[in-house]
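Asks: So that we are looking at the same thing, I have put the structure below in structure tokens.
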Amino acid sequence: MGLFDIKGYLQENKQLIDEALDGLLPAQDVFPPQVHKAMRHCLFAGGKRLRPILACAACRAVGGDPGVVVQEACALELIHTYSLIHDDLPAMDDDDYRRGCLSTHKVFGEAIAILAGDGLLTEAFAVLTRGFRNTPHAPEKLLEVIHLVAEACGSRGLIGGQVVDLESEQKVIEKDLLEYIHNNKTGKLLTASVLLGALLGGADRDKTGRLEQYGRAIGLAFQITDDILDILGSTEELGKKVGSDLDKGKATYPGIMGMDASKKMQQKLYEDACSALEGFDEKAEPLRAIAKLIVERTK
Ligand code: GRG
């Protein structure tokens with residue numbers, strides 16, 4: 001088990017996802033080229049492809065063929081990239097760099113960056129439903145997946161988390177509200193990614209429930225790591241400025257609970273994620289390794 005080559009697994013899957021994304025998105029010279037160039041700018045600026053990889057890993061964990069969820073998994077990366085482009089806008093977090101490159105609005109201007117984000121979000125649902133007459137998935141499973149992804153992106157998910165995050169800047173907030181921000185802004189899409197893979201991979205109710213617990217645990221752990229890296233990480237490795245949470249007056253776990261308690265909570269969430277996978281066989285090894293990586297990552 002300990003011999004599982006997670007580095008190779010991630011590299012291989014990232015390449016698979018990158019190729020699929022390239023084939024799914026309109027080419028940059030498709031009219032009107034400025035928006036297609038902008039959509040591709042942030043999408044292909046790097047990125048770990050964590051969400052699609054989680055979907056493929058969850059599919060594998062329940063005995064499905066990850067190859068048949070790659071297209072749907074790509075939709076998650078389109079949504080994630082839209083959220084990054086919009087988050088970087090001057091009206092939101094006002095960040096000049098993302099994934100080690102100039103932010104989309106810095107290169108293409110604000111209007112095109114907003115539209116490129118909208119384009120990616122909409123395209124995600126086109127990708128989820130592409131080939132719906134000829135899909136290997138049961139139509140009701142696909143519908144369930146589309147519904148849960150849409151909910152994760154909406155005002156009771158990503159958008160809700162972002163609203164409360166923006167409104168909490170420069171304020172002292174309680175741990176519960178911070179947890180709301182993180183669970184919604186970060187956790188919902190990560191959990192939806194795991195569930196997408198599980199449902200399309202044919203998971204039964206028990207396994208789906210366990211994978212949902214896994215998704216919630218790694219979602220929060222991911223964000224705590226992000227908060228910690230914003231203090232202890234390196235700008236070079238992260239591809240964005242370190243210390244930006246403090247500069248913007250954002251509430252963070254280390255800020256509210258202190259660094260030691262944050263690290264303990266990270267470890268506890270890692271253990272929760274592993275417990276949720278008890279009863280899964282070696283096909284869940286990528287999910288176990290990803291949980292470990294999430295708390296140990298440096299970028
Ligand atoms: C809808 C505008 C809008 C925002 C929704 C998701 C989100 C809220 C904003 C994105 C910015 C942000 C800091 C989100 C928190 C989650 C997070 C740490 C994202 C970075 O994800 P990684 O590390 O990035 O997976 P890569 O570049 O590797 O894909």
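The values are calculated or read from the model by the stated rules, or taken from the named source; none is laboratory data. Please read these numbers as outputs of a predicted model, since none were measured by experiment. Positions of Cβ are generated from backbone atoms using ideal geometry, with glycine treated the same way; all protein chains shown enter the neighbour counts. To get the accessible areas, we keep the full protein, side chains included, count just its heavy atoms, and leave off ligands, DNA and RNA. Shrake-Rupley method; radii C 1.70, N 1.55, O 1.52, S 1.80 Å.
Asks: Need pairs with beta-carbon distance below 6 Å; first residue at pLDDT 95 or above and within the stretch 1-28, second open to solvent by 40 Å² or more (accessible area, probe 1.4 Å); sequence gap 6+ or separate chains.
Replies: Final answer for the pair search is 28/37.
Asks: Okay, moving on. Could you list all residues from the stretch 55-86 that are among the small types (Gly, Ala, Ser), open to solvent by 20 Å² or more (accessible area, probe 1.4 Å), assigned to a helix (DSSP H, G or I) and closer than 17 Å to residue 284 by Cα?
Replies: Residue satisfying the conditions is 67 alone.
Asks: Please find, among 260, 247, 227, 281, the residue that is open to solvent by 60 Å² or more (accessible area, probe 1.4 Å), more than 19 Å from residue 5 (Cβ to Cβ) and modelled with pLDDT of 90 or more. Before the answer, list the steps.
Replies: On the way: 247 fails: modelled with pLDDT of 90 or more; 227 fails: open to solvent by 60 Å² or more (accessible area, probe 1.4 Å); 281 fails: more than 19 Å from residue 5 (Cβ to Cβ).
The match here is 260.
Asks: Here's a check for you: in the stretch 263-278, which residue that is small (Gly, Ala, Ser) and over 26 Å from residue 230 (Cα atoms) is least open to solvent (accessible area, probe 1.4 Å)? Let's see the steps before the verdict.
Replies: Quick first cut of the stretch 263-278, residues small (Gly, Ala, Ser) only: 273, 275-276.
Remaining after also requiring over 26 Å from residue 230 (Cα atoms): 275-276.
Working: 275: 54, 276: 1 Å².
The selected residue is 276.
Asks: Shifting gears a bit: Given the options 99, 49, 40, name the one that is without any contact (Cβ under 8 Å) to a residue 40 or more places away in the chain, touching a helix residue (DSSP H, G or I) at 6+ places or on another chain (Cβ under 9 Å) and on the phi > 0 side of the Ramachandran plot.
Replies: It is 49.
Asks: OK, next. Anything in the stretch 81-112 that is under 22 Å from residue 251 (Cβ atoms) and of a type in the set (S, T, N, Q)? List them, or say none.
Replies: Hit for the stretch 81-112 is 83, nothing else.
Asks: If you take the residues in the stretch 110-122 that are open to solvent by 30 Å² or more (accessible area, probe 1.4 Å) and more than 11 Å from the ligand (Cβ to nearest atom), which one is nearest to residue 236 (Cα to Cα)?
Replies: The qualifying residue nearest to residue 236 (Cα to Cα) is 110.
Asks: Could you list, in sequence order, the residues of the stretch 18-49 that are more than 10 Å from the ligand (Cβ to nearest atom), under 30 Å from residue 277 (Cβ atoms) and open to solvent by 60 Å² or more (accessible area, probe 1.4 Å)?
Replies: Within the stretch 18-49, just 19 meets the criteria.
Asks: Only one of these conditions is not met by residue 52: (1) open to solvent by 30 Å² or more (accessible area, probe 1.4 Å); (2) within 15 Å of the ligand (Cβ to nearest atom); (3) not acidic (Asp, Glu). Which number is it?
Replies: Failing condition for residue 52: (1).
Asks: Another question, then. If residue 218 satisfies all but one of (1) under 28 Å from residue 268 (Cβ atoms); (2) among the β-branched types (Val, Ile, Thr); (3) away from the ligand (no atom under 16 Å from the Cβ), what's the number of the condition it fails?
Replies: The failed condition is (3).
Asks: A follow-up question, please. Here is a list of conditions, (1) within 13 Å of the ligand (Cβ to nearest atom); (2) of a type outside the set (S, T, N, Q); (3) surrounded by 24 or more Cβ atoms within 10 Å (Cβ to Cβ), and residue 153 meets all of them except one; can you say which number that is?
Replies: Of (1) within 13 Å of the ligand (Cβ to nearest atom); (2) of a type outside the set (S, T, N, Q); (3) surrounded by 24 or more Cβ atoms within 10 Å (Cβ to Cβ), only one is false for residue 153: (3).
Asks: A further question follows. Looking at the stretch 124-150, which of its residues are surrounded by 14 or more Cβ atoms within 10 Å (Cβ to Cβ), away from the ligand (no atom under 14 Å from the Cβ) and touching a residue at least 24 places away in the same chain (Cβ under 8 Å)?
Replies: 125, 127, 128, 130, 137, 141, 142, 144, 145, 148 - these are the residues of the stretch 124-150 that are surrounded by 14 or more Cβ atoms within 10 Å (Cβ to Cβ), away from the ligand (no atom under 14 Å from the Cβ) and touching a residue at least 24 places away in the same chain (Cβ under 8 Å).
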